[in-house]
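Contents: one structure, followed by commentary.
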């Protein structure tokens with residue numbers, strides 16, 4: 001007999017199961033509700049839990065036989081998985097018979113975010129999702145946002161080559177680790193489908209991204225790119241296909257196109273918002289799709305904050321009141337991630353610690369002995385970021401002759417959008433109060449879009465259709481954007 005220590009919603013419980021059952025079955029039999037809409041067949045990829053020292057695994061496919069410590073998803077994460085099932089397509093898997101894949105053939109759906117990279121490994125014979133990997137984008141060492149990385153490519157000798165090798169190296173390492181775990185021989189990785197913003201895609205393929213940052217902001221490509229085998233720095237298997245999904249413009253990338261394509265909804269008017277260092281968004285108004293991007297900066301992902309950090313163990317992820325907050329991993333706080341700082345700013349505003357202009361009255365400390373402090377500059381970073389996002393939404397609505405109240409829904413995609421407290425985001429006016437009951441987080445829709453591209457050939461047609469409907473609005477050319485930005489800097493009274 002062995003011990004499984006389960007950490008869920010701040011509580012800790014030890015259970016002592018017999019060997020032979022899956023972790024999903026063990027957890028369910030002991031009263032833990034793990035979301036698995038496919039019934040534990042390994043087809044949906046939603047029963048994932050974290051095992052300390054091992055990382056994220058599918059509980060339906062993991063059969064424990066020794067002492068482990070399991071971290072179950074919090075309520076917010078569970079709700080996101082449910083919303084993914086409700087609002088994101090899950091197409092039937094169609095085997096590519098012409099390819100003649102055997103049971104070892106693997107495809108990978110990849111989302112290269114500015115901060116985080118996510119990979120879904122899928123069996124191309126059975127359609128089962130075999131593993132999810134996620135890790136920080138190592139390019140962060142060269143700049144927290146895409147403009148800084150483009151500048152690095154422009155000003156540093158062989159800068160593009162260095163950034164490309166950093167990203168391909170990390171992807172190759174993750175792929176190689178998966179192959180070793182599964183005992184796969186060379187040649188079994190058949191397809192790599194990649195979503196991401198256009199800067200990340202350019203760097204991945206070794207294409208100069210500098211024109212993206214210079215007027216008239218023309219990317220070298222926006223359509224699907226295909227590389228085979230050794231023509232890519234990513235892998236060295238001749239028959240592997242590397243496919244990047246299509247984009248709209250320099251700053252509205254394949255992550256938005258894939259996310260819109262995988263969204264299933266009967267709503268006719270809605271906003272689709274991916275809040276990251278580059279705030280990308282789309283307004284769907286019937287058949288018309290207006291898109292834009294705003295330079296929100298990296299504050300919402302924990303960067304450029306005095307005690308900011310990524311969404312990792314030790315980060316304050318939610319803040320309820322002084323002394324009452326959630327820490328990822330349930331340990332002592334080491335810093336504050338994006339969702340945590342939104343809660344904290346909303347709390348400070350509510351308590352009068354900051355005023356509507358963002359002026360900080362004294363200091364604000366968190367944790368034992370006040371080891372984590374929120375500074376005046378932290379508040380300003382949040383103001384700049386939230387003003388950029390809110391103003392972008394307002395401009396799109398103005399172009400369509402609509403108001404927030406005319407919309408049916410606002411879908412939040414991306415890592416930061418996954419975990420924010422919507423009430424806190426509304427309180428600081430990152431999100432519109434008019435839509436307080438119509439805002440739905442949908443998780444990493446970009447990687448789910450890439451996954452559906454692998455699962456079903458019809459999805460490629462859907463992606464192309466979405467791309468053809470998108471119109472890009474360049475905010476720097478819009479006379480009203482600067483005014484909107486200035487008006488949205490303050491917090492509500």
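In table form, for the structure just shown:
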quantity	calculated
Overall form of segment 362-432 per C-alpha gyration tensor (a/c, 1.5; a/b vs b/c)	prolate
Average projection area in nm² (convex hull over Cα atoms of the chain, one quarter of hull surface)	23.0
Mean separation of Cα contacts under 8 Å, 6 or more apart, over the residue count of segment 235-382: relative contact order %	14
For segment 443-493 and segment 166-203, distance of Cα centres in Å	25
In Å, descending, principal axis extents of the Cα set of segment 91-132	37, 19, 16
Segment 105-130 versus segment 401-433: alpha-carbon centroid distance in Å	29
Anisotropy class of segment 97-255 from Cα gyration tensor, a/c 1.5 cut	prolate
Neighbour-count ranking [beta-carbon atoms within 10 angstrom, fewest first] of 223, 274, 490, 266	266, 223, 490, 274
Computed label-point distance, nm, for sites residue 269 and residue 322 using a 7 Å Cα→Cβ extension	4.4
Calculated FRET efficiency for the pair residue 98/residue 365, C-beta based, R₀ 60 Å, to 0.05	0.45
Length-normalised contact order of segment 216-305 in % [C-alpha pairs under 8 Å, at least 6 apart]	18
Relative contact order, percent, the chain [alpha-carbon distance under 8 Å, six or more residues apart]	15
Space enclosed by the convex hull of the alpha-carbon atoms of segment 1-150, per residue, Å³	158
Residues 435, 281, sorted so that the one with the fewest Cβ neighbours within 10 Å comes first	435, 281
Three-way shape call for segment 4-73 based on the alpha-carbon gyration tensor, with the a/c threshold at 1.5	rounded
Exposure proxy ranking, count of Cβ atoms within 10 Å, fewest first, for 86, 56, 381	86, 56, 381
In nm, spacing of pseudo-spin labels at residue 218 and residue 458 (7 Å Cα→C-beta vector)	3.9
Estimated 222 nm signal from helices in the chain, with DSSP H stretches of n ≥ 4 weighted -39500 (n - 2.57), rounded to 500	-9500 deg cm²/dmol
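Rule-based calculations on the coordinates, nothing more; no lab input. Model, not experiment: these values are computed from the prediction. So basically every Cβ, Gly included, is an ideal-geometry build from the backbone, and we count neighbours across all protein chains shown.
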